[in-house]
Amino acid sequence: MLRFNAIRWALPIIAVTLTLGVFAASPIVAQDDLEMANRIDELVEQLNADAAADREAAEKELIELGLKSTADAGEAFLDALPKPNDNMPQEVQARLNRIASEVRTRLATKSIEATRLTLDFTEAPLADVLKEIERQTGNRITDYREQFGQEAMAKKVTIQVKDEPFWQALDKVLDAVQMQPYSFSGEETLGLVERDQGALRRSGRGAVYAGPFRIEATGVTAERGLRIPDQSALRLDLEIAWEPRLRPISLTQAADDVKAVADDGREVPPTAQGAAFDVEIESGTHAAEVSLPLQLPAREAKVLTSVTGKLNALVPGRIVDLKFDRLAAAKEVTKEAGGVTVILDRAVKNQALWEIHMRVRIDSLEAGLESHRGWVFQNLSFLEDKSGEKLDNAGFETTLQTEKEAGFLYLFELPEGREIEDYVWVYRTPASIVNMPVEYKLEEVPLP
């Protein structure tokens, strides 16, 4: 069997990296990780076995190893997996690429799955309940009544839910305290305010829970053209909310993916067949509105019995911090996370300011910077010293924009007496971008 030195050379170094890095907590874990590195070595060699069945088995087991534990362990596996190079047979290169792609995709998909909640509180302060929700799900929720000029009277919560999806459980909490979300905080937190006068309860009233999304019909408007009947139309407004920990880039609703049926049994088709409705998501928002234009049904129809549809949500997967040190001497330093590559071109001092010149590149065509560049402007860039204290940038300029690459110049003003070598530069970015289908079915939507 042909052996390839690039793989044999890489794995011992990888084993040491894993032992000293991600799994350095105990000798037992370190030993387990060394065994995994050795197993990766064996399986990569098996990718070049004579028998096709052996090659298939090795590829399958490598994928299973990458998905076996936590997201951090999965990223460590990807770091340990040899990178394809010209010293390897073509089939081995292709299999390694497939393995890495499959593991990244599944890890990213797992990171955006709906979270679940178990709550058991009797007359508990609202703040305590919100802290427990964040602990279990990673979703930050903040009482925004003071920001709205509302009287922030103490609220007590009595709630019991067991292993329910986040939105379903949160709706019950909100009903218990007569509050509603404020989805435009501009921060990575969902605000809560007093419920509008006359607003109906949120739970058990027609909202659809689709993974980490909540979809609700919020309005129906009918317009009947008297002079030109063809101008008659029905508009169905939907509110699409997502768990606060997510940062969707965009939502797309294709008209062809919507099917509505009235209570007279007739279908109510969209008026814009073949069209697609795109919604770009602004940073710090946690809900968006989508309006569906439908044909106006006959007067006899009183209710849309069902409205089924499928949205496509472009959602960042796991968020990672890429750190760069020795900034004064740094030149074209590259770090990768999933399908995202960050290049620190240089750090230079310009009078009182330090300039960080960098580029970010993404391989995914569906999240290409040409069509959906908004997400890259939301990535955080800051300096961090040895004590963990952060220094935010003082602004940035765009220096490059192509379909797959964007360049930025970040400005930093250091405190008096501090040097650039006192810091590492941190770039916080999604490790991958996932195109997530969101299927929903609304029922019994009243017609005007």
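Rounded to the nearest 20 debye, the dipole size of the chain about its Cα centre is 460 debye, using +1 on the Cβ of Lys and Arg and -1 on the Cβ of Asp and Glu.
The share of accessible area on the chain that comes from carbon and sulfur is 47 percent, using a 1.4 angstrom probe.
For the stretch 34-188, the Kirkwood radius over C-alpha pairs fed into Stokes-Einstein at 37 °C and 0.692 mPa s yields D = 170 µm² per second. For residue 156, the amide hydrogen comes within under 5 Å of no other amide hydrogen, counting only partners 5 or more places away or on other chains and with H modelled in the peptide plane.
The string of couplings for the stretch 344-358 from the Karplus curve (6.51, -1.76, 1.60, θ = phi - 60°) is 8, 6, 5, 10, 10, 8, 10, 6, 8, 10, 9, 10, 9, 9, 9 Hz, one whole number per residue in order, with x for Gly and Pro.
Amide H contacts of residue 81: none lie under 5 Å away among residues 5 or more positions distant or on a separate chain (H built 1.01 Å from N in the peptide plane; Pro and chain starts excluded).
I want to make sure I understand the PRE zone here: with the label point 7 angstrom from the Cα of residue 162 toward its beta carbon, which residues in the stretch 93-121 have backbone N atoms less than 18 Å away? Output list for this probe position: 116-121. Cα centroid distance between the stretch 318-351 and the stretch 287-317, in Å? After rounding, the separation between the Cα centres reads 44 Å. Under 13 Å from a point 7 Å along the Cα-to-Cβ line of residue 282: which residues of the stretch 386-417 have their amide N that close? The answer is none. Per residue, the convex hull spanned by the Cα atoms of the chain measures out at 222 cubic angstrom.
Legend: residue pairs 131/323; 323/349; 60/323, Cα-Cα distance threshold 23 Å; pairs beyond threshold, 131/323; 60/323. Positive end of the dipole of the chain (Cβ unit charges, origin at the Cα centre): among 446, 115, 161, the Cα lying farthest that way belongs to 446. Listed peptides 319-328, 118-127 appear in the order 319-328, 118-127 once ranked by packing, highest mean of other Cβ atoms within 10 Å at the front. Taking amide H as placed 1.01 Å from N in the peptide plane, residue 119 has its amide H under 5 Å from the amide H of 161, 162, 163, each at least 5 places away in sequence or on another chain. For Cα pairs less than 8 Å apart in space and 6+ apart in sequence, what is the mean separation divided by the residue count of the stretch 261-351, i.e. the relative contact order in percent? After rounding, I find 24 percent. Modelled label positions at residue 426 and residue 220, each set 7 Å beyond Cα in the direction of Cβ, lie 5.0 nm from each other. Heavy-atom accessible surface of the chain, averaged per residue, reaches 52 Å², computed with a 1.4 Å probe.
Rank 245, 214, 227 by mean-square fluctuation in a GNM of the chain with C-alpha springs under 10 angstrom and give only the top-ranked residue. It is 227. Think of each Lys and Arg Cβ as +1 and each Asp and Glu Cβ as -1; about the Cα centre, that makes the dipole of the stretch 307-441 roughly 440 debye.
For the chain, the membrane-span-like helices by this rule, meaning whole DSSP H stretches whose C-alpha atoms cover at least 27 Å of axis and whose Kyte-Doolittle mean is -0.5 or above, are 27-46; this says nothing about an actual membrane. Springs between Cα atoms under 10 Å define the GNM used for the chain, and in it the highest mean-square fluctuation of 389, 416, 132 occurs at 416. Ordering of 106-116, 352-362 by packing is 352-362, 106-116, highest average first (other Cβ atoms within 10 Å, averaged per residue). Between residue 404 and residue 136, the contour length at 0.36 nm per residue exceeds the alpha carbon distance by 92.9 nm.
Sequentially through the stretch 235-241, phi angles give Karplus couplings (6.51, -1.76, 1.60; θ = phi - 60°) of 10, 10, 9, 10, 9, 10, 10 Hz, Gly and Pro residues having no value and appearing as x. Say the dipole of the stretch 182-251 comes from +1 at the beta carbon of Lys and Arg and -1 at that of Asp and Glu; which of 231, 242, 192 then lies farthest toward its positive end? Result: 231, furthest along the dipole toward the positive end. When a/c reaches 1.5 or more, the comparison of a/b and b/c decides; with that in mind, is the stretch 205-308 rounded, prolate or oblate per its Cα gyration tensor? Cα axes put the stretch 205-308 in the prolate bin. Karplus-derived 3J(HN,Hα) values for the stretch 393-410, using 6.51 cos²θ - 1.76 cosθ + 1.60 with θ = phi - 60°, are 6, 8, x, 8, 10, 8, 10, 7, 8, 10, 4, 10, 9, 9, x, 9, 10, 9 Hz; glycine and proline are entered as x.
The values are calculated or read from the model by the stated rules, or taken from the named source; none is laboratory data. Nothing here was measured: the structure is a model prediction, and the numbers come from that model. Every residue, glycine as well, gets a Cβ built from its backbone with ideal geometry; the counts of neighbours run over all protein chains shown. The protein model used for the area step is the full one, side chains on, heavy atoms only, and it has no ligands, DNA or RNA in it. Shrake-Rupley method; radii C 1.70, N 1.55, O 1.52, S 1.80 Å.
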